[in-house]
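**Student:** Sharing a structure with you now.
The values are calculated or read from the model by the stated rules, or taken from the named source; none is laboratory data. In this text the structure is predicted, and so the values were computed from the model without any measurement. Here the Cβ is made from the backbone with ideal geometry for all residues, glycine too, and neighbour counts use every protein chain on show.
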Amino acid sequence: MKNQQRVGYLFISPWIIGMLLFTIYPTVFSLYISFTEWPILREPKFIYFKNYLEIFQDEIFFTSLWVTTKFAIYTTFPTLAISLFIAILLNAKIKFRGILRTIYYLPAVLPTIAVALVWAFIFNKDYGLLNGFLRIFGITGPGWLADPNVALLSISIMSIWTLCSTNIILYLAGLQGVPKVYYEASRLDGANVVQQFFSITIPLISPIIFYTLVMSLITTFQVFTSAMMLTHGGPIDSTRFYVLYLYDTAFSYYKMGYASALAWILFIIILTLNYAVFKSSKMWVFYEGDE
């Protein structure tokens, strides 16, 4: 028995070592660094809570947090609604259903940088596809990534396109797991399609909606690559996302201690939001066997 345990530990040792080296150690180290002043090239100097106190006097911190919050609102809820709508369509008996499912899932496997470059071409003011399409109808499109009024919305559109792909697959799995007998029984009782959707479909796939909501919140509050590639925070800080500001603080201004404190503040914000979602789930998430 002991030999079998040794063999078991031997097989899982790469995962344990990787977890210790690349997750637990960096997490603990970043917490320590957040209480120091560390310009990377010199030894870290312990300054207690100075970084955290400075954060709440930092105007860019509040700007980046507000921009990220707006982006999360613009992106999360439309993503949930659009992906569910498309999943319902793909769950129906239509031609080329398998091909369409593959096409809708492609954004999930494409490299984020490549996707950002494609969308940079789409959003280009002069020769982009979007403004070219609008010119057909005599409409002069805005500078999607150069106008502070629409730059954040532009990145939201790209993110919705990307995030929907994974959600569609999850919703499809949930929809296919709903017993058809429920729909048949409801039709006998005179329920229409809308009543079936809100009384049967939504409650039975609510655990998946809950999961996608949690994951979407985590993803949107950590957005980085798209903003880095498309706008780098501009114009006029309209896309100055929190993680982009964190990155610049660490690797452009070499304030690693302050950046670590920003990272832990973000962790607390995301944890608080998801805690609120978990608490609210008792009112709207239904699991099989619940009465």
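**Student:** Checking the conditions here, which among S13, S30 is surrounded by 10 or more Cβ atoms within 10 Å (Cβ to Cβ), out of contact with any helix residue (DSSP H, G or I) (no Cβ under 6 Å at 6 or more places or on another chain) and not β-branched (V, I, T)?
**Tutor:** The conditions single out S13.
**Student:** Which one is surrounded by the fewest Cβ atoms within 10 Å (Cβ to Cβ), of the residues in the stretch 248-291 that are in contact with a helix residue (DSSP H, G or I) (Cβ under 7 Å, 6 or more places away or on another chain) and in a loop (DSSP other than H, G, I, E, B)?
**Tutor:** Checked the stretch 248-291; the qualifying residue surrounded by the fewest Cβ atoms within 10 Å (Cβ to Cβ) is Y287.
**Student:** So which residues in the stretch 133-150 are closer than 27 Å to A227 by Cβ and part of a loop (DSSP other than H, G, I, E, B), if there are any at all?
**Tutor:** Within the stretch 133-150, I139, T140, G141, P142, G143, W144, L145, A146, D147, P148, N149, V150 meet the criteria.
**Student:** Further question on the same structure: Just to be sure before I move on: is V243 within 14 Å of the chain's Cα centre (by Cα), in a helix (DSSP H, G or I) and on the phi < 0 side of the Ramachandran plot in the structure I sent?
**Tutor:** Answer is yes for this residue.
**Student:** Moving to a separate point now. Going by the conditions given, is Y245 buried (at least 17 other Cβ atoms within 10 Å of the Cβ) and closer than 30 Å to E59 by Cβ?
**Tutor:** yes
**Student:** For the stretch 1-109, which fully contained helices (runs of 4 or more DSSP H) count at least 1 residues that are more than 30 Å from F197 (Cα to Cα) and of a type in the set (K, R)?
**Tutor:** Answer list for the stretch 1-109: 2-19, 50-55.
**Student:** Name the one entry in I103, I113, I82 that is surrounded by 13 or more Cβ atoms within 10 Å (Cβ to Cβ) and either closer than 16 Å to T162 by Cα or acidic (D, E) (or both).
**Tutor:** The conditions single out I82.
**Student:** Looking at the structure I just gave you, is F241 out of contact with any helix residue (DSSP H, G or I) (no Cβ under 8 Å at 6 or more places or on another chain) and within 22 Å of P78 (Cβ to Cβ)?
**Tutor:** no
**Student:** Also, quick follow-up: Restricting the first residue to the stretch 261-288 and requiring it to be farther than 19 Å from F198 by Cβ, which pairs with a second residue that is outside any helix (DSSP H, G or I) and of a type outside the set (A, V, I, L, M, F, W, C) meet a Cβ separation below 8 Å and a spacing of at least six or different chains?
**Tutor:** Note: pairs meeting the criteria are A261/S34; A263/S34; W264/S34; L266/Q222; I270/Q222.
**Student:** Go through (1) among the aromatic types (F, W, Y); (2) more than 22 Å from the chain's Cα centre (by Cα); (3) outside any helix (DSSP H, G or I); (4) at pLDDT 90 or above for Y127 and report which single condition fails.
**Tutor:** The single condition Y127 does not satisfy is (4).
**Student:** Picking from T166, T220, which residue would you name as being farther than 25 Å from T102 by Cβ and either buried (at least 20 other Cβ atoms within 10 Å of the Cβ) or of a type outside the set (D, E, K, R) (or both)?
**Tutor:** T220
**Student:** Condition check: closer than 30 Å to R42 by Cα and touching a residue at least 12 places away in the same chain (Cβ under 8 Å). Does F251 satisfy that?
**Tutor:** Against the criterion (closer than 30 Å to R42 by Cα and touching a residue at least 12 places away in the same chain (Cβ under 8 Å)), F251 does not qualify.
**Student:** I want to confirm something. Restricting to the stretch 187-210 and keeping residues that are buried (at least 16 other Cβ atoms within 10 Å of the Cβ) and of a type in the set (S, T, Y), which single residue is modelled with the highest pLDDT?
**Tutor:** S206
**Student:** Search the stretch 34-73 for residues being within 17 Å of V243 (Cα to Cα) and of a type in the set (V, I, T), and hand back the single one that is farthest from the chain's Cα centre (by Cα).
**Tutor:** Per the stated criteria, the residue is I55.
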